[in-house]
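Peer 1: This is the structure, below, for whatever I ask next.
Rule-based calculations on the coordinates, nothing more; no lab input. All figures in this text were calculated on a predicted structure; none of them were measured in a lab. Neighbour counts are summed over all protein chains in view; Cβ atoms, including those assigned to glycine, are modelled from backbone coordinates with ideal geometry.
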Amino acid sequence: MRKCKVVYGTAGCGKTKYAEALMEKLGCTRVIDYTNVLGDLDALDADVLVLTNEMLIGAINFSDVIISKDDNHIEPSTWIVEVSERGVKLMRVRDSQNQEVIEVYPWVNRGVGAINLSAICHGYQPPRILARQDIPFEQIPPEYAS
C-alpha cells in the first residue's frame, strides 16, 4: 500500500510552485518532482510528496486544491455537479462538509457541461464562456484553414 502522497496535474499548473505549501498541508518533509512516475511508489516513505503529470489511482488532483494569495496556505475543494432537465450546473465548495461556496457556474446545456467536466477531470478550470465558431469549419476558405 502506498504511504507517500501523490499530487498530479498538467504541466505548468503550479504543482512545483506550491510544493512547499503542499508539503506543509500534507505533512511531508521532502518532495520528488516526476514528469512521469517511474519505479515503485509503494517503496517511498510517508513523508514524501510526489508531484507528477500522470493521473494515478489515489492521487490528489492539483486542481482540487485551493491556494490562498499568501502562497503558504492550501485547502482542498470539491466540485458539486447538479444535472437536471435544465442542464448542468457546477459549484465549487471549500470542503464537502460545510460546503462554503467558492464559485458557481451558470446552468449550461449538457454538451457544454460535458466539456466543463472534462476540463475539471484533466486538471483545468472550466471555461467561463464557451462560444461557437463564427463560421462552420467546412465553410472556411482553404487558404485560412491550417
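Peer 1: Given a Förster distance of 30 Å, report the FRET efficiency between M91 and E20 from their Cβ-Cβ distance, rounded to the nearest 0.05.
Peer 2: The formula returns an efficiency of 0.50 here.
Peer 1: Continuing with the same structure: Taking K and R as +1 and D and E as -1, what net charge do the other residues with C-beta under 12 Å from the C-beta of W107 add up to?
Peer 2: +1
Peer 1: Right, next: Out of residues 5 or more away from W107 or on other chains, whose amide H comes under 5 Å of its own, with H placed 1.01 Å from N in the peptide plane?
Peer 2: none
Peer 1: If you plug each phi of the stretch 16-24 into the Karplus form 6.51 cos²θ - 1.76 cosθ + 1.60 with θ = phi - 60°, what whole-Hz ³J(HN,Hα) values come out, in order, with x for Gly and Pro?
Peer 2: With coefficients 6.51, -1.76 and 1.60, one gets 5, 4, 9, 4, 4, 5, 5, 4, 4 Hz.
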